[in-house]
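One structure is given below, encoded as structure tokens.
Every number in this text was worked out from the coordinates using simple rules, so none of it is lab data. All figures in this text were calculated on a predicted structure; none of them were measured in a lab. Note that we place each Cβ from the backbone using ideal geometry, even for glycine, and neighbour counts take in every protein chain shown.
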Amino acid sequence: MDVFKVGNDLVLDPLNKKVIRNGDDISLPELSYRLLQELVEQAPEIVPHDQLIKAVWKDRVVSDENLKKRISRLRDSIADNHSEPKYIVAERGMGYRCVATVRKIKRSDSAYNDIGDFQATCYSIKRLVSRLPIWLVASFGVLAIGMSSFVLFHHENENPPNEISEALDYQAAQSYLKFTEKDNDTAISLYQDAINREPQNASSHSGLSDAYLRGYWHYGKDKAWLELGKKHAEKAVQINDDLAWGHKALGLAYYLSGQYENAIASFNLARQIEPSWGEIPAYASLVEIQLGHFIKAHKLAILSVELDPGNPFTNAILGELYRQSYRFYAAEEQFSKTLNIDPGFLMSRLLFSEYLLESGRHVEAISVLRDVIHKQQNSQQARWLLGLAFLIDNQIEEAIDEFSAASSLGGRYYLSAAVYLAALKKDRSELSKLGEQIAKLKLDGDQWAELTFLEGIVLLINDKGTEATNKFESAIFGGLTTTYRYTHLPINSSITTSHRFNELLNLIESKNKDKMPKRIPPRT
């Protein structure tokens, strides 16, 4: 079997399953070895994602995310750099390929024999040492032990994560990708175990960050989970600044904290590292939507689906972009597409429910959201949206029940649900406390327009109509232009029939028309 010379300093020996770089053996985990072998044997051709997954994981079912993580670990092991690659490059939307020159070396060739020169030298030294006096040999022995200790310590810090840690990472990722609260908790436990074994494994920290952030975003966990998610994302980036999903996780933590400029910066770094990963531009699109940058958001959402067309998340974000830009016909088609990909995908169903509410189909939304809650009882966003749907339908007691349930859970919509609940109960004391919490978040840099809107409700319940109207106007300019939120407030007030309030509704209509691409005629 031939030996492969890769570039100027890497040797792959398939017969002995050895990888040598600059004369030193590189200890690769089995999966990383298979990946390198497939890329080298197919060089210089592009190897599609599916082919690599089959070569590395055989009959096991894994996602593209597993492949991306394995590519990153392999790059670390062979001292490759994504920004100036010597060995491996990502070909956007197609796969990966080895760009280094690959030469096959026969074992009988002198080029192959040169590889063993170092071993021959070692043998000669051994013969020489056997003829030296005992005391001199002992001295060499002490020196050798000292040098070996240094080398082993230094090498240990450069080795890729051990096999047990990698196996735990793999199991954790598989649990995380099942998209249930129970499996998410399992992923957290496995990632924590992996970190206990390998504290400097960046991918374990980024995976743990993702799981904590999902718990906060979708499973009703409190703000401590958001902080833990951010902490582990920062740790992942600190350990390995070239880890795309570390930057992605940090970007999501910033997004959920309303720190949109920081989120965009992190997502941009992740995109530079992994330009072929479709989920990253989808997350970036969400942030650009919040910032009101709809041209950028549209380009990113389209790109995300082009890169990852079978992913329900990328398709759901494109549907959300269409909804937010008031292209309801396109939104309907896109949500239908993403729900066909995976009918039970939580994000798709939540965003589709928001589309139903926005398009005046709250009865359908109630049905969808009840089914979501039946399967995911701790979905705070589902309960929050169901409360809004009941409010639109004038089922006040049912709305109170859902807002109460949503505010009892942790997550992004805690303050929204708590303010609506207190407003419906006319609890001014509670609203005053909630107003202080909102003010603190904004002072800390949270840019979410929802917070300004909630301030308007707090002012309205305290009979400060003019100030409330000003807050609503600020929320509109901040990007909250969802009409039904203004026409179905949790409080009856004469302000809603005033000329000033009608001007706000006209402003919303104008802002929403501005979101529509000018070359595409509006459709209803």
Quick one: Leu388 ticks every box in (1) aliphatic (A, V, I, L, M); (2) within 30 Å of Asp183 (Cα to Cα); (3) in contact with a helix residue (DSSP H, G or I) (Cβ under 6 Å, 6 or more places away or on another chain) bar one, so which box is it?
(3)
Strands (runs of 3 or more DSSP E) lying entirely in segment 1-83 (those with 3 or more residues that are over 22 Å from Gly278 (Cα atoms) and not charged (D, E, K, R))
3-6, 10-13
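Test Arg197 against the stated conditions and say whether it is of a type in the set (D, E, K, R), surrounded by fewer than 23 Cβ atoms within 10 Å (Cβ to Cβ) and more than 26 Å from Asp76 (Cα to Cα).
no
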So Gly479 ticks every box in (1) closer than 27 Å to Ala365 by Cβ; (2) assigned to a loop (DSSP other than H, G, I, E, B); (3) without any contact (Cβ under 8 Å) to a residue 40 or more places away in the chain but one. Which box is left unticked?
(3)
Residue list for segment 29-45, filter: more than 17 Å from Leu15 (Cα to Cα) and surrounded by fewer than 17 Cβ atoms within 10 Å (Cβ to Cβ):
Pro44, Glu45
If you go through Phe335, Phe390, the only one that is in a helix (DSSP H, G or I), aromatic (Phe, Trp, Tyr) and touching an Asp or Glu at 6+ places or on another chain (Cβ under 7 Å) is Phe390
For Gly360: the one exception among (1) more than 21 Å from Phe328 (Cβ to Cβ); (2) surrounded by fewer than 24 Cβ atoms within 10 Å (Cβ to Cβ):
(1)
Sort out which residues of segment 371-380 are without any contact (Cβ under 8 Å) to a residue 40 or more places away in the chain and farther than 15 Å from Ser348 by Cα, and write them in order of number.
His374, Gln377
Against the conditions (1) surrounded by fewer than 24 Cβ atoms within 10 Å (Cβ to Cβ); (2) farther than 15 Å from Gln334 by Cα, where does Leu300 fall short? Just the number, please.
(1)
State all residues of segment 486-495 that are under 40 Å from the mean Cα position of the chain (by Cα) and assigned to a helix (DSSP H, G or I); if no residue qualifies, say none.
Tyr486, Thr487
Residues of segment 246-295 that turn out to be under 24 Å from Lys515 (Cα atoms), outside any helix (DSSP H, G or I) and not small (Gly, Ala, Ser), as a count
2
Could you please give the count of residues in segment 7-40 that are in contact (Cβ under 8 Å) with a residue 12 or more places away in the chain and of a type in the set (S, T, N, Q)?
4
Please specify each residue of segment 300-341 satisfying the condition of being over 19 Å from the mean Cα position of the chain (by Cα), touching a residue at least 60 places away in the same chain (Cβ under 8 Å) and under 24 Å from Ile264 (Cα atoms).
Gln324, Ser325, Tyr326
